[in-house]
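> Handing you a structure now.
Each value in this text was obtained by applying a stated rule to the coordinates, not by laboratory testing. Please read these numbers as outputs of a predicted model, since none were measured by experiment. With ideal geometry, Cβ positions are generated from the backbone for all residues, glycine too; neighbour counts draw on all protein chains shown.
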Amino acid sequence: MSKKKKSLIIDASCIMAVIKQESTAQDVMEKSEGYQLLSAACLPFEVGNSLSKWLKRNLMTKEAAVKCFELYRKLPIALLDVDFETSLSYAADEKHYAYDMYYLDCALRTGCPLLTYDEDLSKIAKKRGVVCL
């Protein structure tokens, strides 16, 4: 009988650390080891937007950005639909951006821990009872 993997909600800050091979990439890999990775359906758009910011600032070549996005697409992450109404409600309550609240919504609906490097999101999530790694 195989043991079912636990799930983890991972946000764009952690994914960007991995695909851009930042110093925190190893930490993300260690903390997510053994988990099935889940994320909000907005994740590919956030990854693309982050890469475009680096391109705009001349911090990355187009070829490097394409390579990073290809690496992202190889990551085993299941995308979850977002409850926009609930997420916007969280955004209003917390005076925070909706895109971060999409990850919070996923964590609260699934009961899964959240892996993020966004300190504000982490504080909000912990306040609402989400375990943050």
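> What tally of residues in the stretch 78-104 results from selecting those that are surrounded by fewer than 16 Cβ atoms within 10 Å (Cβ to Cβ) and not polar (S, T, N, Q)?
The total comes to 10.
> Next question. Is one or more of the residues making up the stretch 81-91 farther than 15 Å from Tyr102 by Cα and not β-branched (Val, Ile, Thr)?
no
> Follow-up question, since we're still on this one. Can you give me the number of residues within the stretch 1-14 that are part of a helix (DSSP H, G or I), within 14 Å of Leu133 (Cβ to Cβ) and not hydroxyl-bearing (Ser, Thr, Tyr)?
Within the stretch 1-14, residues that are part of a helix (DSSP H, G or I), within 14 Å of Leu133 (Cβ to Cβ) and not hydroxyl-bearing (Ser, Thr, Tyr) number 1.
> Please specify each residue of the stretch 65-86 satisfying the condition of being over 14 Å from the mean Cα position of the chain (by Cα) and under 17 Å from Met16 (Cβ atoms).
Correct list: Ala65, Val66, Lys67, Cys68, Phe69, Glu70, Leu71, Lys74.
> List pairs: first in the stretch 117-133 and among the acidic types (Asp, Glu), second assigned to a loop (DSSP other than H, G, I, E, B) and surrounded by 19 or more Cβ atoms within 10 Å (Cβ to Cβ), Cβ under 8 Å, 6+ apart or cross-chain?
Correct list of pairs: Asp118/Asp11.
> Could you go through the stretch 43-56 and let me know if any residue there is closer than 22 Å to Ala125 by Cβ, among the aliphatic types (A, V, I, L, M) and touching a residue at least 40 places away in the same chain (Cβ under 8 Å).
Taking every residue of the stretch 43-56 in turn, none turns out to be closer than 22 Å to Ala125 by Cβ, among the aliphatic types (A, V, I, L, M) and touching a residue at least 40 places away in the same chain (Cβ under 8 Å).
> Still on this structure, please answer the following. So in the stretch 19-58, with the set limited to residues that are among the polar types (S, T, N, Q) and part of a loop (DSSP other than H, G, I, E, B), which one is surrounded by the most Cβ atoms within 10 Å (Cβ to Cβ)?
Ranking the qualifying residues of the stretch 19-58, first place goes to Thr24.
> Only one of Ser89, Ser13 is hydroxyl-bearing (Ser, Thr, Tyr) and under 17 Å from the mean Cα position of the chain (by Cα). Can you tell me which?
Ser13
> One residue is enough: does the stretch 61-69 have a residue meeting the conditions acidic (Asp, Glu) and surrounded by 14 or more Cβ atoms within 10 Å (Cβ to Cβ)?
Looking through the stretch 61-69, none of the residues is acidic (Asp, Glu) and surrounded by 14 or more Cβ atoms within 10 Å (Cβ to Cβ).
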